[in-house]
Amino acid sequence: MKEEQYKLLVSQIEALIDGEKDMIAVMSNVAAAIHHTMGFWWTGFYRVVADELVLGPFQGPVACMHIPFGKGVCGTAWQRAETVIVPDVEQFPGHIACSSESKSEIVVPVFGSNGKVMAVLDIDSEHLATFDETDRKYLKAICKLVSEDGCHQ
C-alpha cells in the first residue's frame, strides 16, 4: 500500500515541478504533496544558509527556525550527507524537540549541483517507528527531483 502511494506521488511530483526553476516554489509544492498524500504529522524543508539550516517551506504546526550543523536529526543528516531514520526521537542523542508530538522522524538530504547538501527534507510522525526503507527509497527519489539538477532539467 505505502509503496503504491509513493510510486504515484513520485510521478505526480515529477509533473508538478517539471520546468519550475524557483526552488522555494518547488519545495512548497513538494512538501504539500508529500504531506497530504502520505498523511504525515510534519513535512518540510530546511535550507542550508551559511553555517546553519533555516526553516523553508513546510506543512504542519510551527517549527524550529534555525538548526546548527551537526545538531539534532536534521543537522546530523546534513553533517553526514545521508538519510537518517529515527524510530524514537527520545532515543536520539541531541534531538531538538520542536514539539512533544513528534515521535519518529526521517531526514533526507537534498544535494546541489556541486554535490553538497543544499537542504534537507524533514518528516515527523506522531507515531513511533513510522519510517522504513520504503520511505527512504522514495523520499530520496523525491529529493533527487527537488535538487538543483532535477529542478533545472
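Structural remarks
- Hits in segment 1-57 - residues which are on the phi > 0 side of the Ramachandran plot and in a helix (DSSP H, G or I): none
- Note on segment 107-122: among residues that are open to solvent by less than 20 Å² (accessible area, probe 1.4 Å) and touching a Gly at 6+ places or on another chain (Cβ under 8 Å), the one that is nearest to A50 (Cα to Cα) is A119.
- Candidate set: segment 59-85, residues that are in contact (Cβ under 8 Å) with a residue 40 or more places away in the chain and closer than 16 Å to P109 by Cα; chosen: the one surrounded by the most Cβ atoms within 10 Å (Cβ to Cβ): W78
- Flag if E101 is in a helix (DSSP H, G or I), over 20 Å from V30 (Cα atoms) and not small (G, A, S): no
- Residue count for segment 58-82 satisfying the condition of being assigned to a helix (DSSP H, G or I) and within 16 Å of S102 (Cβ to Cβ): 6.
- Sub-6 Å Cβ pairs linking a first residue in segment 18-30 that is within 14 Å of F45 (Cα to Cα) to a second residue that is open to solvent by 50 Å² or more (accessible area, probe 1.4 Å), at least 6 apart or interchain, are V26/E20; N29/L16, ordered by first then second residue.
- Checked against (1) buried (at least 20 other Cβ atoms within 10 Å of the Cβ); (2) touching a Ser or Thr at 6+ places or on another chain (Cβ under 9 Å), H127 meets all criteria but (1).
- Residue list for segment 13-24, filter: over 15 Å from the mean Cα position of the chain (by Cα) and open to solvent by less than 90 Å² (accessible area, probe 1.4 Å): A15, L16, I17, G19, E20, D22
- In a residue-by-residue description of segment 38-49, the property of being loosely packed, with under 14 Cβ neighbours inside 10 Å and farther than 26 Å from E3 by Cα applies to at least one position.
The values are calculated or read from the model by the stated rules, or taken from the named source; none is laboratory data. Since the model is a prediction, treat every value here as computed from it, not as a measurement. Using ideal geometry, Cβ is built from the backbone for each residue, glycine included, and neighbour counts are taken over all protein chains shown. In case anyone asks, the SASA skips ligands and DNA or RNA and just uses the protein heavy atoms, side chains included. Shrake-Rupley method; radii C 1.70, N 1.55, O 1.52, S 1.80 Å.
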